[in-house]
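See structure below.
Only the coordinates and a few stated rules stand behind these numbers; no lab work does. None of the values given here were measured: they were computed from a predicted structure. Here the Cβ is made from the backbone with ideal geometry for all residues, glycine too, and neighbour counts use every protein chain on show.
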Amino acid sequence: MVIHAVLLALGIVVGLFLFYLWGIHPRIDGKRKQKTLDLARWDFAHRGLWDMTQNIPENSLPAFARAADQGYAIELDVHLTKDKKLVVFHDDSLMRVCHVRGTCERMNAEDLMKLSLSFTEHHMPLLEDVLRLVNGRVPLLIELKLPSVSTEICRYVYDLLKDYQGSCLIESFNPLGLRKYKQLDPDAIVGQLSGKYTAKDRLNPLIALLSSSLLVNALSRPDFVAYNFRTSDAFGFYLNQNLFRIPVFAWTVRTSEEFRKCRHAYDGIIFEKFLPAEIVC
């Protein structure tokens, strides 16, 4: 009886572990992986190559122009407005950057584009304006912002990108958005954003656990993972990088010291507040 109980317990443990491995498993495809690794060799300027000392705010056309002109790939964020336009902006709230109450989802693009970015003369761009500006010169890492359960933004991003000739990667914290985008474009390279969460993130504990452990991969089946490198000791991230050998990106690297540490530990780096080209590794 004791032996049977031990074997049963062992079987349950093994079964749960195999289920866990299935849950965190990414999408694995040799050609897709190589294409991702080729793009990951670029350094990605976080919200463009912005610099407030030069009056260039984050996620602005001058920040994107500066990045492309200096040969850096670009990470940017996209929201779907009330009138179904795609604007490039990071926060869920307009307060920090535009100093007004509200969200992109509850306002029309025309009104949003009148708002000043960080008290400068620059304004929130449309994604189509960024595509026209960059014109395939450098890769784009586009984060889909999904503040609700709706994945409607995916259709609009897909419709805009399907004729774009440049290289793009799609990423999101929301695995449902990534799943939807893959349904629209099976050839798209998609990445699961994640990191460990604290109480100040005000995230449901179950959702926080599923995300930080990368069990959300069961929904998104990503081609790469972009993880907060400061909390990348998570077991699920370790297995994705070392067992499944999926390409991994570090976000967000802000100093030359952090860059040196991440350069050889990650396939791709998302950076801000310094220029990687000036650093000797």
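Quick check of the Kirkwood formula: for region 160-212, what is the inverse mean of 1/r over all pairs of different Cα atoms, in Å? All intermediate terms of the calculation are to be shown ahead of the outcome.
Details: mean 1/r = 0.0785 Å⁻¹.
After inverting the pairwise mean of 1/r, the radius is 12.7 Å.
Distance between the C-alpha centres of region 70-131 and region 153-200: 18 Å, rounded to the whole angstrom. GNM on the chain, alpha-carbon springs under 10 angstrom: the most fluctuating residue among Asn135, Asn228, Asn174 is Asn135. When you restrict to C-alpha pairs under 8 Å that are six or more residues apart and normalise by the size of region 174-272, the relative contact order lands at 24 percent.
Check each of the trypsin sites (Lys or Arg not before Pro) in region 170-262 and keep only those in coil by DSSP with at most 10 other C-beta atoms within 10 angstrom; list them in order. Don't jump to the answer; show the numbers that get you there.
Numbers: sites: Arg179, Lys180, Lys182, Lys196, Lys200, Arg202, Arg230, Arg245, Arg254, Arg260, Lys261; in loops: Lys196, Arg202, Arg245, Arg254.
Sites meeting the loop and neighbour criteria: Arg202.
Please compute the Kirkwood hydrodynamic radius over region 45-184, one decimal place, Å, based on all pairs of different Cα atoms. So the Kirkwood estimate lands at 15.0 Å. Size check on region 113-245: the Cα extents along the three principal axes, sorted descending, read 42, 37, 27 Å. Mean-square fluctuation check for the chain, GNM, Cα pairs under 10 Å: which of Ala199, Ala40, Ala218 is largest? Checking each option, the largest mean-square fluctuation is seen for Ala199. The alpha-carbon atoms of the chain define a convex hull whose volume equals 150 cubic angstrom per residue.
Averaging the sequence gap over all C-alpha pairs within less than 8 Å and six or more residues apart, then dividing by the number of residues, gives region 29-147 a relative contact order of 27 percent.
As an exercise, take the mean of 1/r over every pair of distinct alpha carbons in region 189-276, invert it, and state the Kirkwood radius in angstroms.
Values: mean 1/r = 0.0745 Å⁻¹.
Roughly 13.4 Å, rounded to one decimal.
Approximating the spin labels as points 7 Å out from Cα along Cα→Cβ, the Ala218-to-Ala265 distance works out to 2.9 nm.
Give, as a single signed number, the net charge of other residues whose beta carbon lies under 11 Å from the beta carbon of Ser220, with Lys and Arg counted +1 and Asp and Glu -1.
On the way: positive: Arg27, Arg179, Lys180, Lys182, Arg221; negative: Glu171, Asp223.
Counting the neighbours of Ser220, the net charge comes to +3.
For the options Glu58, Glu121, Glu105, a Gaussian network treatment of the chain with springs between C-alpha atoms closer than 10 Å singles out Glu121 as fluctuating the most.
Cα centroid separation, region 1-56 to region 201-245: 6 Å.
Just order 81-87, 30-36 by mean Cβ neighbour count inside 10 Å, highest at the front, would you?
Working: 81-87: 18.1, 30-36: 14.3.
Descending mean neighbour count gives 81-87, 30-36.
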